[in-house]
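The values are calculated or read from the model by the stated rules, or taken from the named source; none is laboratory data. Quick caveat, the model's predicted, so the values are computed rather than measured. When we count neighbours, we look across all protein chains shown, and the Cβ atoms used for this are built from the backbone with ideal geometry, even at glycine. Remember, those area values only see protein heavy atoms, side chains included, never the ligands or the DNA or RNA. Shrake-Rupley method; radii C 1.70, N 1.55, O 1.52, S 1.80 Å.
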Amino acid sequence: MPELPEVETVVRTLEYMIHDRQILSVNVVYPKMIEGGVPEFEEKLKGEHFRRFERRGKYLIFRLDHVTLVSHLRMEGKFYVQAPDEPKDRHMHVIFTLDDGTQLRYRDTRKFGRMFLTDLDYDFAHFHDLGPEPFDEAFNPDYVHAYRKKRSEPLKSLLLDQSFTAGIGNIYADEILSACGLRPGRSCRRITRKDEENLVDNTRKILSEAIAAGGTTIRSYTSSLGVTGLFQNDCCVHARKTCARCGTEIHMKRIGGRSSYYCPQCQK
């Protein structure tokens, strides 16, 4: 699943490609992808312009003239900006025809992605119980201490909890814990104040580096908008055979149903 850096990359790339473009028409091929009525969705978007581009957690937010369009890519969702005469396959489920002669196409092989409309000035601060963004001032060592002291789950599960902080997924949780020297299975209760500070600092550092690299191109996440994710070249532990720091063989264990990679030497 695309995580914060991948979604941020898609949002900023779309901002560059379709900023201020007007939507001439919308064709929803797979109605279940739209939360709410499809005819209303198509009609409300007709004539709107893409004005502002935002992200909340793993959600893409498009502020238009009178409404806000929200999209979640889920497992396989991708946006393409293409000419109308370019071939469409059976996985193109929502097509926006734009005023410059191009189309914004949403492709999703597994059909898990969702879109919906909300008010233009909708405040996403507490949207779906999402926690603070990793780059917000509210995400700080005091916040980490207050949140985790009442919990006992593994640190990996804490980082994946979107109500703790929004946008971190499996890949970056492994890399953050690697940078902190903490094993993914360690209990939230068994970390120090210094560990809390390191979690905040390394979360921001790892995510910043991943955004700068255009995200991570692993398995199904590809550069559908012409941007190639390169962060996989910098991964220290995730899906690696040996640790990029010390060369020790990487171990993998299942935590909360997710594959968790760590170095037994660097992460004591």
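Annotations for the structure displayed:
- With one equal scatterer per alpha carbon and no solvent term, the Debye-computed log10 I(q)/I(0) for region 43-116 at 0.11, 0.21, 0.23 1/Å reads -0.28, -1.02, -1.18.
- Partners of K253 within straight-line reach, counting lysines whose Cα lies under 16 Å from its Cα and excluding those fewer than 8 residues away in the same chain: K156, K241, K268.
- Binned Cα-Cα distance frequencies in the chain - 10 Å width, integer %: 7, 28, 32, 20, 11, 2
- Maximal additional length on extending the R110-Q82 stretch stands at 8.0 nm, based on 0.36 nm per residue less the C-alpha distance.
- A quarter of the convex hull surface defined by the alpha-carbon atoms of region 1-78 gives 5.1 nm² as the mean projection.
- Which of G169, C246, N202, positive extreme of dipole for the chain (C-beta unit charges): C246
- Probe 1.4 Å - accessible area at M252, Å² to nearest ten: 100 Å²
- If you take all other residues with their beta carbon under 9 Å from the beta carbon of E76, and give Lys and Arg +1 and Asp and Glu -1, the sum is +4.
- Taking a sphere under 11 Å around the Cβ of I255 and counting the other residues whose Cβ falls inside, with K and R at +1 and D and E at -1, yields a net charge of +4.
- Neighbourhood net charge (13 Å Cβ-Cβ; Lys/Arg +1, Asp/Glu -1) for G37: -2
- Sulfur and carbon atoms: percent of accessible area, the chain [1.4 Å]: 47 percent
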